[in-house]
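Visitor: Got a structure here, written out as structure tokens. Questions coming.
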Amino acid sequence: MSLFAFLGAVEVGLIFALVALAVYLSFRVLQFPDLTVDGSFPLGAAVAATLIVTGVDAYLATLAAFAAGAAAGLVTAWLNVRLKILHLLASILTMIALYSINLRIMGRPNVALLGEQTVFTPFAELPWPGYVTTPLALGAAVVAVMLALNWYLGTGSGLALRATGANPRMARAQGIDTDRATLLGMALSNGLVGLAGALFAQSQGAADVTLGVGVIVVGLAAVIGGEAVIPPKVVWLATLGCLVGSILYRLAVALALNSEFIGLQAQDLNLITAVLVGAALVLPGVQRKFGRAIGRGRAP
């Protein structure tokens, strides 16, 4: 694998680390299986790209993408906590609706950003090539988001969020408004996904209505893979695992696609994703069985 391909994989992995953090929030913290991600990712891209091409500052457009993603998460949570629609079905309904909304926002299936001012444009003036400066800038941004999330989950509001996911009945008995916590957590989760979509569109130079296909699977792969590499004993290890898992996942995909002897091509991306997710799901069980076998072998 060339240095260009390596840094490109790291760049995409850093963007999808935001998706992994969002999936960690919904699936692990809130215990809310959320498929809205496949709609809020292209929503963030669509909002940011449309605003940028109309002359809005790129940073404001990116912030608007975060807000749009948060609004999508609020809709999913509202359908669940107010209308009592099953969380999985509520997220599917929102995801389906967002496809049409994204087309409405862009006015066409895709919006190109070539030649437009993006959040990465200032880094082009540095004396290093863009394929080096962009991952560095993204790395700093993702680490900042990760640290902010670690801090938030340690606050009273964050602890209420964690209690809601761990045991909602006990949380309500302790006076926690679990409905409000769910609304807040889902808004924050999908806001991060919208932010990731905005950064992805600006990094790749275009927003497309199909960007969200398989995003939830990528996020799950990053979370599960990160947990296999870094056991999530505390919150900061769990979020660090999301970051590491996302980068390792993209590197594994890039390595597979650049290994000519395997014979894989770009159209095999979903196959590679399925295999990697399956391996990440199986690996923890294999490790436990291997550990027990070693323990029995050492027993007198």
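The values are calculated or read from the model by the stated rules, or taken from the named source; none is laboratory data. Quantities reported herein were computed from a predicted structural model and do not represent experimental measurements. Don't worry about glycine lacking a Cβ; one is built from the backbone with ideal geometry, like all the others, and counts go over all protein chains shown.
Visitor: Which of (1) at positive phi; (2) of a type outside the set (Phe, Trp, Tyr); (3) surrounded by 24 or more Cβ atoms within 10 Å (Cβ to Cβ) does residue 115 not meet, given it meets every other one?
Guide: That leaves (3) as the condition not met.
Visitor: How about region 168-189: which of its residues are farther than 29 Å from residue 95 by Cα, assigned to a helix (DSSP H, G or I) and either out of contact with any helix residue (DSSP H, G or I) (no Cβ under 8 Å at 6 or more places or on another chain) or β-branched (Val, Ile, Thr) (or both)?
Guide: Residue satisfying the conditions is 173 alone.
Visitor: Further question on the same structure: So which of 5, 49, 72, 61 ends up being among the hydrophobic types (A, V, I, L, M, F, W, C), at pLDDT below 95, part of a helix (DSSP H, G or I) and farther than 16 Å from residue 138 by Cβ?
Guide: Unique residue meeting the criteria: 5.
Visitor: If the requirement is being of a type outside the set (S, T, N, Q), modelled with pLDDT of 85 or more and either under 27 Å from residue 39 (Cβ atoms) or in contact with a Phe, Trp or Tyr (Cβ under 8 Å, 6 or more places away or on another chain) (or both), which of these qualifies: 220, 257, 237?
Guide: Checking each option against the conditions leaves just 220.
Visitor: Taking the stated definitions as given, is residue 215 at pLDDT below 95 and closer than 16 Å to residue 33 by Cα?
Guide: Yes.
Quick grid of which residues meet (1) closer than 18 Å to residue 206 by Cα; (2) without any contact (Cβ under 8 Å) to a residue 40 or more places away in the chain; (3) in contact with a strand residue (DSSP E or B) (Cβ under 9 Å, 6 or more places away or on another chain):
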site	(1), (2), (3)
78	no, no, no
84	no, yes, no
87	no, no, no
96	no, no, no
106	yes, no, yes
110	yes, no, yes
120	yes, no, no
123	no, yes, no
131	yes, no, no
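Visitor: Taking residue 251 as the residue in question, decide whether it is of a type outside the set (Ser, Thr, Tyr), modelled with pLDDT under 90 and either closer than 13 Å to residue 28 by Cβ or assigned to a helix (DSSP H, G or I) (or both).
Guide: Considered against the rule, which asks whether it is of a type outside the set (Ser, Thr, Tyr), modelled with pLDDT under 90 and either closer than 13 Å to residue 28 by Cβ or assigned to a helix (DSSP H, G or I) (or both), residue 251 comes out as yes.
Visitor: Does residue 27 satisfy the criteria of being at pLDDT below 90 and more than 20 Å from residue 206 (Cα to Cα)?
Guide: No.
Visitor: Are there any pairs with C-beta distances below 8 angstrom linking a residue in region 163-186 that is within 19 Å of residue 82 (Cβ to Cβ) to a residue that is at pLDDT below 95 and of a type in the set (D, E, K, R), with the two at least 6 apart or on different chains, and if so which?
Guide: Every condition considered, the pairs that remain are 165/28; 178/172; 179/82; 186/34.
Visitor: While we're looking at this one, here's another question. Name the residues in region 23-46 that are among the acidic types (Asp, Glu) and part of a helix (DSSP H, G or I), would you?
Guide: Within region 23-46, 38 is the sole residue that qualifies.
Visitor: Sticking with this structure for a sec: Would you mind stating whether residue 153 is farther than 27 Å from residue 8 by Cα and touching a residue at least 60 places away in the same chain (Cβ under 8 Å)?
Guide: Judged against the criteria, residue 153 is a match.
Visitor: Looking at this structure, is residue 229 crowded, with 17+ Cβ neighbours inside 10 Å and under 24 Å from residue 276 (Cα atoms)?
Guide: When the stated conditions are applied, residue 229 does not pass them.
Visitor: Being surrounded by 23 or more Cβ atoms within 10 Å (Cβ to Cβ) and hydroxyl-bearing (Ser, Thr, Tyr) is the filter here, so list the residues in region 1-47 that pass it.
Guide: Scanning region 1-47 gives 24, 26, 36, 40.
Visitor: Now for a separate question. Return yes or no: is residue 104 within 22 Å of residue 188 (Cβ to Cβ) and loosely packed, with under 13 Cβ neighbours inside 10 Å?
Guide: no
Visitor: Output the number of the condition that residue 37 fails; it satisfies all remaining conditions of (1) touching a helix residue (DSSP H, G or I) at 6+ places or on another chain (Cβ under 7 Å); (2) more than 23 Å from residue 178 (Cα to Cα); (3) not polar (S, T, N, Q).
Guide: All conditions are met except number (2).
Visitor: For region 90-117, name all the residues that are among the polar types (S, T, N, Q) and either assigned to a helix (DSSP H, G or I) or farther than 27 Å from residue 74 by Cβ (or both).
Guide: Answer for region 90-117, where residues must be among the polar types (S, T, N, Q) and either assigned to a helix (DSSP H, G or I) or farther than 27 Å from residue 74 by Cβ (or both): 91, 94, 100, 102, 117.
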